[in-house]
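Step one of this worksheet: look at the structure below.
The values are calculated or read from the model by the stated rules, or taken from the named source; none is laboratory data. Note that the coordinates shown come from a computational prediction; the quantities given were computed from them, not determined experimentally. Counting neighbours? That spans all protein chains shown, and the Cβs are built from the backbone with ideal geometry, glycine included.
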Amino acid sequence: MTNDTNPQTGGRFGAEVLDRLDQLAQFSESDEGLTRVYLSAEEKGAGELLIGWMTEAGMAADFDAVGNVVGRYEGNAPGLPALLTGSHYDTVRNAGQYDGMLGVVSAISCIKALNEAGERLPFAIEVIGFADEEGVRFQSTLLGSRGVAGTLDAEILDKQDADGTTMAEAMTAFGLDPARIGDAAHKAEDVLAYIELHIEQGPVLLAEDLPVGVVTSIAGATRFAVTVTGLAGHAGTVPMGGRHDAAAAAAEMLLAIEDRCSGIDALVGTVGQLTVPEGATNVIPGAAIFSIDIRAGDDTVREAAVADVEAALAAIAERRNVTVELTRTHEAKSAICAPWLMDQIRDAIGAADIEPRYLMSGAGHDAMAFVDLTDIAMLFVRCGNGGISHHPDETMTAADADLSTAILLDIFRRFRPKADGA
């Protein structure tokens, strides 16, 4: 590996990367945590800052047709197929400042290093800051990366945010033409692969004292919105045995989900939202609403768990004399990382004298959107503070930012396109 880094001191890249992440964090609609949603004024400001850094690094850069920031660094001849890299620059509400943004800023620093060295590779590199991965504003994820992958359906333009603004209207206000969203799509023959650097958003690397890891797959996910309907009644006059308590039934359902998804490697089940509409202290709940999120790295495992959960909820509802309605709100297959790309990431990690650690990603990423366009791979970076993410307490060190950026640069330098038939 090249001598571009010194992990003990923050090295060549660490201070710059963290400083730029601090600057991006100023573009937030809230002072409490970081909130930057798709096509907002805050996102446009952050995007313009990224474009400035990309241009300074030697790239041709601009917003694309769906609001992504795209910087292209040409290879040793113009117009060559490109290796795609990057991550998202939108956030969840009350977020930390490393999720997504690290992958964009680190890649820019890599291109800057290549440009300063006068180094051109036998392929182009495109660094992309995806405008919407989280799906906060229009409740539909991976909008930016799906735009690049060519799988963004024009029907999405009619989706409304909480204020009733359609995506088409928001695009127009941002300065984009909704009729041209297809212009963001890349052709398969122009793309060599997609590699994403991202914080782990979990505790595995931290617990094992490893700065980086190789992602093997991104978990598939199934999500439901669930409504349990019972019969409201007076809390003091209806005997316990005669109740149709929707909240009690929902509580048993939550435990059934937890039980089914426990004890199986790489399978998780979560109820992240639970409400009792119009609930009151002295009223037996007549309704309960909750969400379900079931994920696994193996689609067969996930689909079996989903089927069992559906059956368990139906049985609980029948026994408790309530009704249950499940609406599937999201379905994503697992995304398998390409072995030939994983090998190249492994080699770059090994060149840094680090033992390669392979691990699955339980969180979704922009890489998932590219599986139908090209091969994908991910480099995970250790995050601190117990691995917490999607929270203002999300942390990482300058040394890890430096080392992971240097490894990413080495991946670019080592990169060889997929051999025919491989």
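Summed over region 288-315, the residues that are crowded, with 20+ Cβ neighbours inside 10 Å and over 23 Å from HIS365 (Cα atoms) give a count of 4. GLY233 fulfils the conditions (1) surrounded by 16 or more Cβ atoms within 10 Å (Cβ to Cβ); (2) at pLDDT below 95 except for a single criterion, (2). Residue check: is ASN385 among the polar types (S, T, N, Q) and free of Cβ contacts under 8 Å to residues at least 40 places away in the same chain? So ASN385 passes the test. Evaluation of ALA348 against the conditions (1) of a type in the set (Gly, Ala, Ser); (2) in contact with a strand residue (DSSP E or B) (Cβ under 7 Å, 6 or more places away or on another chain); (3) touching a residue at least 24 places away in the same chain (Cβ under 8 Å) shows that the sole unmet condition is (2). Do we have ASP400 as without any contact (Cβ under 8 Å) to a residue 60 or more places away in the chain and among the acidic types (Asp, Glu) here? The answer is no for ASP400. Does region 184-196 include one or more residues that are surrounded by 13 or more Cβ atoms within 10 Å (Cβ to Cβ), closer than 25 Å to SER217 by Cβ and in contact with a Lys or Arg (Cβ under 8 Å, 6 or more places away or on another chain)? Yes, some residue in region 184-196 is surrounded by 13 or more Cβ atoms within 10 Å (Cβ to Cβ), closer than 25 Å to SER217 by Cβ and in contact with a Lys or Arg (Cβ under 8 Å, 6 or more places away or on another chain). As a summary of the residue check, THR327 satisfies the conditions (1) buried (at least 20 other Cβ atoms within 10 Å of the Cβ); (2) within 23 Å of SER140 (Cα to Cα) except for the one numbered (1).
Those residues that are farther than 13 Å from GLY67 by Cβ and in a loop (DSSP other than H, G, I, E, B), I need them from region 164-187; list them, please. Result: GLY164, THR165, ALA185, HIS186, LYS187.
Scanning region 1-60 for residues that are modelled with pLDDT under 95 and over 29 Å from ALA348 (Cβ atoms), we see that the one that is surrounded by the fewest Cβ atoms within 10 Å (Cβ to Cβ) is ASP31. Looking across GLU331, GLU278, one residue alone is more than 25 Å from PHE130 (Cβ to Cβ) and acidic (Asp, Glu). It is GLU278. Residues in region 377-414 that are of a type in the set (A, V, I, L, M) and at pLDDT below 95: ILE388 alone. Of all the residues in region 201-237, those that are out of contact with any Gly (no Cβ under 6 Å at 6 or more places or on another chain) and assigned to a loop (DSSP other than H, G, I, E, B) number 8.
Answer yes if at least one residue in region 72-82 is surrounded by fewer than 24 Cβ atoms within 10 Å (Cβ to Cβ), of a type in the set (S, T, N, Q) and assigned by TED's automatic domain parsing to the domain that holds LEU373, and no otherwise. Scanning region 72-82, I find at least one residue that is surrounded by fewer than 24 Cβ atoms within 10 Å (Cβ to Cβ), of a type in the set (S, T, N, Q) and assigned by TED's automatic domain parsing to the domain that holds LEU373, so the answer is yes. Screening GLY202 with (1) modelled with pLDDT under 95; (2) closer than 21 Å to GLY297 by Cα; (3) not assigned by TED's automatic domain parsing to the domain that holds TRP340 gives one miss only, at (3). Of the residues screened, LEU142 is one that is of a type outside the set (Asp, Glu) and either on the phi > 0 side of the Ramachandran plot or without any contact (Cβ under 8 Å) to a residue 12 or more places away in the chain (or both).
Can you find a residue that is touching a residue at least 60 places away in the same chain (Cβ under 8 Å), aliphatic (A, V, I, L, M) and over 23 Å from VAL92 (Cα atoms) anywhere in region 164-173? Within region 164-173, not a single residue is touching a residue at least 60 places away in the same chain (Cβ under 8 Å), aliphatic (A, V, I, L, M) and over 23 Å from VAL92 (Cα atoms). Would it be correct to say that ARG413 is in contact with a Lys or Arg (Cβ under 9 Å, 6 or more places away or on another chain), among the basic types (Lys, Arg), touching a residue at least 40 places away in the same chain (Cβ under 8 Å) and surrounded by fewer than 18 Cβ atoms within 10 Å (Cβ to Cβ)? Criteria not met by ARG413. In region 125-164, what residues are touching a Pro at 6+ places or on another chain (Cβ under 7 Å) and under 27 Å from LEU192 (Cα atoms)? Hits for region 125-164: nothing passes.
Of all the numbered requirements in (1) over 25 Å from GLY52 (Cβ atoms); (2) surrounded by fewer than 16 Cβ atoms within 10 Å (Cβ to Cβ); (3) touching a strand residue (DSSP E or B) at 6+ places or on another chain (Cβ under 8 Å), THR141 misses one, and that requirement is (2). Within region 267-287, the set of residues being surrounded by fewer than 17 Cβ atoms within 10 Å (Cβ to Cβ), free of Cβ contacts under 8 Å to residues at least 40 places away in the same chain and closer than 19 Å to ASP245 by Cα comprises GLN273, LEU274, THR275, PRO277, GLU278, GLY279, ALA280.
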